[in-house]
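Coordinate-derived values only; no laboratory data. No experiment lies behind these values; they were computed from the predicted model shown. Counting neighbours? That spans all protein chains shown, and the Cβs are built from the backbone with ideal geometry, glycine included.
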Amino acid sequence: MLPDWITSTGRVGNRLSDPLFLCVLSNTDTCRIPKISAAGATTELNDYTPAADSEIVVHGSPQSTPELPMKPGGAPTPAVMTRAALQLTGMPYFFVNAGLRIVPNVPLIDLGAEPGRDIRYGRAVLRPDVISKSASVIGLQLGKLSDSVIIGESIPGGTTTALGVLTALGYDYGVSSSCRENPLKIKRDVVQQGIRASGITLDEVKNDPMRAVASVGDPMMPAVVGLVRGMVVSDCEIVLAGGTQMIAVFALLKHLGIDRDNISIATTKYVYQDGSIDFDSVIRDLGCRIHVVDPGFADSAIAGLRKYEAGEVKEGVGAGGAMYAAGMLGIDQKTILDQIEAVYAELMRGGQ
């Protein structure tokens with residue numbers, strides 16, 4: 001039964017009794033394009049964001065970064081939601097290095113991937129098939145450990161690369177943004193430049209979707225695809241934790257013919273309510289179930305958390321999926337909000 005702070009567009013998985021949480025960390029040069037991403041305090045610091053996010057989840061504060069991955073006085077990284085959910089549930093977790101520039105001070109499963117390149121040049125990801133195969137080996141083993149797996153991501157610039165892959169595959173859904181004002185026109189221009197530079201066509205990528213990833217995607221995508229490919233063998237419930245990046249992954253799974261019966265997407269209400277993306281078409285075209293989590297930030301005493309209600313940041317680091325699992329395990333909204341506020345206070349103390 002769904003708690004009252006979570007809604008779902010379809011069947012709810014009934015095997016979320018012993019979940020395992022994964023978060024795939026990647027970098028891409030696409031995030032260095034001005035005005036594309038608000039994942040870091042500045043464009044120059046975007047490369048540090050995945051490392052900082054994982055360190056916040058594990059340690060409560062960043063250790064490998066020169067400053068907090070947020071603008072002063074702004075909304076905090078969604079890592080505070082993920083850490084709170086993991087603390088309340090005791091879920092085991094792993095981080096996966098799928099092309100990092102800054103290696104965090106946390107244990108990592110390393111796929112040997114290189115960071116993604118700028119998609120404007122049409123050669124965004126080196127050897128996505130190799131990344132996917134390596135991840136599949138890991139996914140096959142991890143799928144044996146639990147009846148349900150939550151897979152999140154942290155990759156600055158990820159909504160732009162998601163738009164690239166979705167566009168290449170023929171979908172026009174739009175994408176969300178970590179910015180309050182979504183720079184969707186800039187993203188579309190960047191994507192069209194990359195598609196022209198790559199020379200790919202719709203007919204080509206429909207039959208070989210990894211070409212879309214290689215041309216205008218990012219290394220997180222083949223990593224998650226591979227993890228899922230390995231896990232479906234174990235028939236476990238898989239929740240893709242994120243917004244439009246995971247919609248792009250779900251589209252790839254569809255075009256690759258991977259069984260999606262036990263796969264759904266969990267995200268925050270801040271992504272689901274974003275008018276920049278057409279979720280009705282996503283649900284209709286891709287047939288995916290979407291779980292929507294409301295962490296209750298409208299009632300928070302912390303101004304930074306209330307900024308999520310105004311459209312800042314919205315999602316990331318598997319926050320929606322981690323909170324979905326917490327809710328399905330019996331955690332109520334007030335308890336998760338109180339814990340998020342405590343994690344936020346811890347982060348502010350550590351960041352001074």
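Below are the figures for this structure:
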{"item": "Protection proxy ranking, peptides 80-91, 313-324, 104-115, 298-309, average beta carbon neighbours within 10 Å, highest first", "result": "313-324, 80-91, 104-115, 298-309"}
{"item": "The chain - mean residue ellipticity at 222 nm from DSSP helices (-39,500 (n - 2.57) per run, n ≥ 4, rounded to 500)", "result": "-12000 deg cm²/dmol"}
{"item": "Cα-derived Rg over Rh, computed across region 6-350 with Rh taken as Kirkwood radius", "result": "0.93"}
{"item": "Rounded FRET efficiency, nearest 0.05, which uses the C-beta distance separating Y121 from R306 and R0 of 45 Å", "result": "0.70"}
{"item": "Ranked S198, S132, criterion: other C-beta atoms within 10 Å, fewest first", "result": "S198, S132"}
{"item": "Mean Kyte hydropathy of 1.0 or more with a Cα span along the axis of at least 20 Å, helices from DSSP in the chain", "result": "none"}
{"item": "Exposure proxy ranking, count of Cβ atoms within 10 Å, fewest first, for C236, C23, C179", "result": "C179, C236, C23"}
{"item": "Around H255: net Lys/Arg minus Asp/Glu count, Cβ-Cβ under 10 Å", "result": "+1"}
{"item": "Region 260-352: radius of gyration over Cα atoms, expressed as a fraction of 2.2 N^0.38 Å", "result": "1.19"}
{"item": "Solution diffusion estimate, µm²/s, Stokes-Einstein, region 166-238, Kirkwood Rh from C-alpha pairs, 10 °C, viscosity 1.306 mPa s", "result": "113 µm²/s"}
{"item": "Spatial separation of Cα centroids for region 148-201 and region 77-105, in angstrom", "result": "23 Å"}
{"item": "FRET efficiency for I283 and K334, using Cβ-Cβ distance with R0 set to 25 Å, rounded to 0.05", "result": "0.25"}
{"item": "M221, M348 arranged by Cβ crowding within 10 Å, fewest neighbours leading", "result": "M348, M221"}
